[in-house]
Amino acid sequence: MARPSCSAIPVTACTRHYSAMPTQSRTRSPVTTPPSPPSTASRPFRPSSWISKRAVRTPNWPRAKEAAMHRDTGCTARRLRGGALALLLLPLGLALPLGGCGEGDSVRGEPPPVGGPPLVRRLTESQYRATLADVFGPETPVLARFERGIRSHGLVAVGTSEAGISPFSVEQYAAAAIGVADAVLAEDRRAATVPCEPRSAQEFDAACATHFVERYGPLLLRRPLTPAQVERFVTAAGEGSAQMGGFYAGLKYALIGMLTAPEFLLRIERTRPDPQHPGLRQLDAWSRAERLSYFLTDSTPDAELLRAAGAGELETREGLARQVDRLIASPAFARAVRAFFADMLEFDELDDVVKDLEIYPAFDSEVIADAREQTLRDITRVLIERDGDYRDLFTLRETALTRPLGVVYRLPVATRHGWELGEFPAEGGRAGIQSHISFLALHAHPGRSSPTLRGESIREIFLCQDVPDPPANVNFSLVQDDANAAMPTARDRLVAHRTEPACAGCHKIMDPPGLGLENFDGLGTYRERENGAAIDASGELDGVPFSDPGEFAQALRNHRETPVCLAETLYRYAVGRDTVWDERAYMDYLVERFAASGYRVPALMRTIALSDNFFAIAPSAEAGTTASVAQHGGNES
């Protein structure tokens, strides 16, 4: 079902609202009428998203009842009423202070788990590359072009459970497997790769081939191989050796078989009966290890994690904590954090960014590649190296720079090739990752900026607030006419555009945060004038006024929904699915723990990884099925 357009929504209701029985999944969609008071039949929800339009599951009644009994109903009710009412008042220029759960309230224990269905998730490109680098070494080439992943509910990580594998992808996976096999079994590397010496390089050695398969099979397929699997791959090696006339040539066949196996390309979660809850099921030890490893390292379980899974240690609190702390302390943890933020910030779309070179002569592919890396370096430096407050990413002025970036930012960069730390000047007002080229250029047009696209992205990415699609017949010509001398600035044109009733409601939600970034052009360079007229970057963000990009950055940092959105998005990323209404108590728990940690992302990831909810599986008879989600449409003004 497609999202309603703004034309069907009153000005006072162009925001998200939840109104459903608690058996349904949380949705972020517009409403056509103001919410009625909370009741057992219709209950407004606060503005941040637990999504979605894709799944309506029947309730997990036993666990839902436990969660409801566990929840602090007074605290939850305050958030439900306050959050929904606050956003409904935004277009009217009014604000409502939101009392919080976790701001003055004690942090509660984890609610009983609700769970979701076991998933089949396609490896993302980053996971594919990281897995091969960890198993065979970082120098291992991956000679393939990957199809872009499906983005569902704002995340490619969620779309991986909805995406199939096209014939083109099959060809690319086969090409990549051949390239990897050629590289790791090349004469100069085989001594380090193959764990045994064959009797002869010209003849097949079944014992050595078996040793090779038993060493790499569990790392690639992420669980111990069955005797039938071992036999299959060893047989492939033998047949290849007979055809190609050499042991190592035959071994390539076995490796290519493992690298193109569904068990490698897909993360297939398997369950077993839950001995503690008769009638329910739980992830088996290897699926738990797989889910944990890809969340905390973006890669396959290493030998130690597989050992712990086989020993049953992941099913004890102490054993699980040891592995979680080990993975968070490893260098691979930074890679996992980078992968999450690259997904959340929609960096897969940066490859498609184009700019008019007559308007932006400094733009090229190197600038875009460096812009992506700049933001990810700043994120890992603040969140991991310094264990900093997540919210500080929005006011950060210290940043990583290269010379191509320095040209766009108009900052001197002494390092000719490579990176150095610099700082945005305070007087320019530039601060935070939302003022980076990676955000500003991505959410703009080829030849001009777009307060609407930027404002919509601020709402959806950082605040988890959905904005409806524009009506099909809306006229954008006024907004796009940046040569209009009577309306020289984007603010002038948007004010005129908002006189159309079909556009007013949503633009009052999107435009204020976008106009707060209007001092930055379509590439991200600072400016004070547009078409000779002074730019007015003032406005308010949900009742908090700002006068320039620096004050807007502070308002975004301090926005109540900023950390809430991050916690919810990170959990959806971790489990690869949308959340459901029954999980609202667990979402509150995560937000409270996040606040109690000082908004430290590693602490939040540890909380998720150690929680029962992270591994929980809903009863198969009640979990239902997920339907495909309509493609997300964007605003063009």
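The values are calculated or read from the model by the stated rules, or taken from the named source; none is laboratory data. Since we're looking at a predicted model, the values are computed, not measured. Neighbour counts run over all protein chains shown; Cβ positions are idealised from the backbone, glycine included. For accessibility, only protein heavy atoms count, side chains too; no ligands or nucleic acids. Shrake-Rupley method; radii C 1.70, N 1.55, O 1.52, S 1.80 Å.
Answer yes or no as to whether Phe168 is under 30 Å from Met344 (Cβ atoms), part of a helix (DSSP H, G or I) and touching a residue at least 12 places away in the same chain (Cβ under 8 Å).
yes
For every residue, the table says whether it meets (1) out of contact with any strand residue (DSSP E or B) (no Cβ under 6 Å at 6 or more places or on another chain); (2) modelled with pLDDT of 95 or more.
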site: Leu517; (1), (2): yes, yes
site: Pro549; (1), (2): yes, yes
site: Phe552; (1), (2): no, yes
site: Tyr571; (1), (2): yes, yes
site: Val575; (1), (2): yes, yes
site: Trp581; (1), (2): yes, no
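Kindly establish whether Glu540 is touching a residue at least 24 places away in the same chain (Cβ under 8 Å) and more than 24 Å from Arg372 (Cβ to Cβ).
Here the answer is yes, as Glu540 does meet what is asked.
Let's see how each residue does on (1) among the aliphatic types (A, V, I, L, M); (2) in a helix (DSSP H, G or I); (3) touching a residue at least 12 places away in the same chain (Cβ under 8 Å):
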site: Ile384; (1), (2), (3): yes, yes, yes
site: Leu393; (1), (2), (3): yes, yes, yes
site: Val407; (1), (2), (3): yes, yes, yes
site: Leu411; (1), (2), (3): yes, no, yes
site: Arg416; (1), (2), (3): no, no, yes
site: Glu427; (1), (2), (3): no, yes, no
site: Ala431; (1), (2), (3): yes, no, yes
site: Ser438; (1), (2), (3): no, yes, yes
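Need the failing condition index for Gly149 against (1) closer than 22 Å to Phe341 by Cα; (2) open to solvent by 40 Å² or more (accessible area, probe 1.4 Å); (3) in a loop (DSSP other than H, G, I, E, B), just the number.
Failing condition for Gly149: (2).
Among the residues of the stretch 517-533, write down those that are surrounded by fewer than 16 Cβ atoms within 10 Å (Cβ to Cβ) and more than 22 Å from Gln554 (Cβ to Cβ). Walk me through how you get there before you give the answer.
First, pick out the residues of the stretch 517-533 that are surrounded by fewer than 16 Cβ atoms within 10 Å (Cβ to Cβ): 527-529, 531-533.
Answer for the stretch 517-533, where residues must be surrounded by fewer than 16 Cβ atoms within 10 Å (Cβ to Cβ) and more than 22 Å from Gln554 (Cβ to Cβ): Arg529, Asn531, Gly532, Ala533.
Of everything in the stretch 578-590, what is closer than 24 Å to Val156 by Cβ and open to solvent by 10 Å² or more (accessible area, probe 1.4 Å)? Give them in sequence order.
Val580
State yes or no: is Ala144 crowded, with 19+ Cβ neighbours inside 10 Å and assigned to a loop (DSSP other than H, G, I, E, B)?
yes
I'm checking my understanding of the structure. Among residues of the stretch 534-546 that are within 17 Å of Thr489 (Cβ to Cβ) and open to solvent by 60 Å² or more (accessible area, probe 1.4 Å), which one is nearest to the chain's Cα centre (by Cα)?
Once the filter is applied, the top-ranked residue is Asp536.
Looking only at the stretch 246-293, count how many residues are out of contact with any Asp or Glu (no Cβ under 9 Å at 6 or more places or on another chain) and open to solvent by 50 Å² or more (accessible area, probe 1.4 Å).
So the count comes out to 9.
Check Asp298 against each of (1) touching a strand residue (DSSP E or B) at 6+ places or on another chain (Cβ under 7 Å); (2) surrounded by 15 or more Cβ atoms within 10 Å (Cβ to Cβ); (3) not in a helix (DSSP H, G or I) and name the one condition it does not meet.
The one condition Asp298 does not meet is (1).
Of the numbered conditions (1) within 24 Å of Leu123 (Cα to Cα); (2) free of Cβ contacts under 8 Å to residues at least 40 places away in the same chain; (3) not basic (Lys, Arg), Ala332 fails exactly one; give the number of that condition.
With respect to (1) within 24 Å of Leu123 (Cα to Cα); (2) free of Cβ contacts under 8 Å to residues at least 40 places away in the same chain; (3) not basic (Lys, Arg), Ala332 is out only on (2).
In the stretch 339-369, which residues are free of Cβ contacts under 8 Å to residues at least 40 places away in the same chain and open to solvent by 20 Å² or more (accessible area, probe 1.4 Å)? Give the steps one after another, and end with the answer.
Going through the stretch 339-369, the residues free of Cβ contacts under 8 Å to residues at least 40 places away in the same chain turn out to be 341, 351-352, 357-358, 361, 365-366, 369.
Passing the criteria: Asp351, Asp352, Leu357, Glu358, Pro361, Ser365, Glu366, Ala369.
Got a sec? Which helices (runs of 4 or more DSSP H) wholly within the stretch 195-276 have at least 2 residues that are of a type in the set (A, V, I, L, M) and without any contact (Cβ under 8 Å) to a residue 40 or more places away in the chain?
206-221, 227-244
Looking only at the stretch 235-245, how many residues end up being open to solvent by less than 20 Å² (accessible area, probe 1.4 Å) and aliphatic (A, V, I, L, M)?
1
Return the residues of the stretch 558-599 that are polar (S, T, N, Q), in a loop (DSSP other than H, G, I, E, B) and touching a residue at least 60 places away in the same chain (Cβ under 8 Å); say none if nothing qualifies. First the steps, then the outcome.
Our first condition is that a residue be polar (S, T, N, Q); within the stretch 558-599, this holds for 558, 562, 569, 579, 597.
Now restrict to residues that are in a loop (DSSP other than H, G, I, E, B): 579, 597.
Passing the criteria: only Thr579.
Which residue, of Leu383, Leu393, Leu453, Leu376, is surrounded by 19 or more Cβ atoms within 10 Å (Cβ to Cβ) and either more than 19 Å from the chain's Cα centre (by Cα) or farther than 24 Å from Ala334 by Cα (or both)?
Leu453
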